[in-house]
Amino acid sequence: MPRKARGTSPPSDAGAQYRVGIGYDSHRFALGRPLTLGGILIPSEVGLDGHSDADAICHAITDAILGAAGMGDIGEMFPDTDPANKGRDSIGMLEAAVRRLTAAGYKVGQIDVSVITEAPRLSPYREKIRARLASALGIDSSNVSVKGKTNEGMGWIGRKEGLACIAIATLKGNQ
Ligand SMILES: [Zn+2]
């Protein structure tokens, strides 16, 4: 009987299929609009313009998880030509995308988000945003990371014309 080499035993999740997706979103700042990021209303003089509530964190994450599953993108799932999507709650869109993934046998593993904006600072709201996203995604908030960073004053983000979000997601399942 061959001796088993040390360190070759498979990890406990051997056979699990991991998939990775990326999402990007940007919105223009506008006066008289709410600033909602990751489902949390953030006090700010300017909000984000858009067809829905313009929650760029939720939009980027929705694209990342749909992308990881090879299920298209948020624009296909919720076309902005459909009046039903005007002013739509983006946490609700994210939850609908999670339901679609779950039905296909996937589970969200982990999310990492970078929000690139000169203002406002996100750190006071970070824990609230993580908790809100975790609840929508059906995962523990330890698996949701939200980071804020500036663009060092450069370009359209530097001129405070708007903000951008980049999200990456891992999915497990659907073997
Ligand atoms: Zn968006």
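The values are calculated or read from the model by the stated rules, or taken from the named source; none is laboratory data. Just so it is clear, the structure is predicted and the values come from calculations on it, not from any experiment. Because the Cβ atoms are built from the backbone with ideal geometry, glycine has one as well, and the counts that use them run over all protein chains shown. These accessible areas exclude ligands, DNA and RNA; they are computed on the full protein's heavy atoms, side chains included. Shrake-Rupley method; radii C 1.70, N 1.55, O 1.52, S 1.80 Å.
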Checklist line | the chain - percent of accessible surface contributed by carbon and sulfur, probe 1.4 Å | finding: 51 percent
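So what is the relative contact order of region 126-167, in percent, for Cα pairs below 8 Å that sit 6 or more residues apart?
Numbers: 23 pairs, mean separation 10.1, N = 42.
Once normalised by length, the contact order is 24 percent.
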Item checked: Global geometry of region 17-143, whether rounded, prolate or oblate, following the gyration tensor of its Cα atoms and the 1.5 cut on a/c -> oblate
Check: Tell me, in nm to one decimal, what length is gained between Asp89 and Ala131 on full extension, where the rule is 0.36 nm per residue of separation less the Cα-Cα distance?
Finding: 13.4 nm
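Count charges around Asp55 for me, please; just the other residues with Cβ under 13 Å from its Cβ, Lys/Arg as +1, Asp/Glu as -1. Present the calculation step by step, with values, prior to reporting the outcome.
Working: positive: Arg33, Arg88, Arg132; negative: Asp25, Asp49, Asp53, Asp63, Asp89, Glu95.
Charge balance in the 13 Å sphere: -3.
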Margin query: Let's see if you can work this out: charge +1 on each Lys and Arg Cβ, -1 on each Asp and Glu Cβ, no other charges. What is the dipole magnitude of the chain about its Cα centre, in debye to the nearest 20?
Written below: 860 debye
Check: Each label point is 7 Å from the Cα along the Cα-to-Cβ direction; what then is the distance between the points at Arg100 and Glu45, in nm?
Finding: 3.9 nm
Next item on the list: Give the Rg (one decimal place) followed by the Dmax (whole number) of region 68-175, computed from C-alpha coordinates and expressed in Å.
Entry: 15.5, 46
Check: What is the Cα centroid distance between region 42-77 and region 83-98, reported in whole angstrom?
Finding: 9 Å
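Before I look further, what does the chain give for accessible area per residue, probe 1.4 Å, in whole square angstrom? Display every interim value, and only then the final one.
Details: 9530 Å² over 175 residues.
Value for the chain: 54 Å² per residue.
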Item checked: Cα gyration tensor, region 90-153 - rounded (a/c under 1.5), prolate or oblate -> prolate
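Can you tell me what share of the DSSP beta bridges in region 80-175 is antiparallel? A percent to the nearest 5 is fine. Display every interim value, and only then the final one.
Numbers: 10 of 16 bridges.
Counting only bridges with both partners in region 80-175, antiparallel ones make up about 60 percent.
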Checklist line | Environment charge of Ser123, counting only residues whose C-beta is closer than 15 Å and scoring Lys/Arg +1, Asp/Glu -1 | finding: +4
Notebook entry, point to check: Efficiency by 1/(1 + (r/R0)^6): what FRET value for Thr150 and Ala30, r their Cβ-Cβ distance, R0 = 22 Å, to the nearest 0.05?
Noted result: 0.65
Next item on the list: Find which of Leu35, Ser114, Ile74 sits farthest along the positive direction of the dipole of the chain, computed with +1 on the beta-carbon of Lys and Arg, -1 on that of Asp and Glu, about the Cα centre.
Entry: Ser114
Margin query: What does the net charge come to around Gly70 if you take all other residues with beta carbon closer than 14 Å to its beta carbon, with K and R at +1 and D and E at -1?
Written below: -1
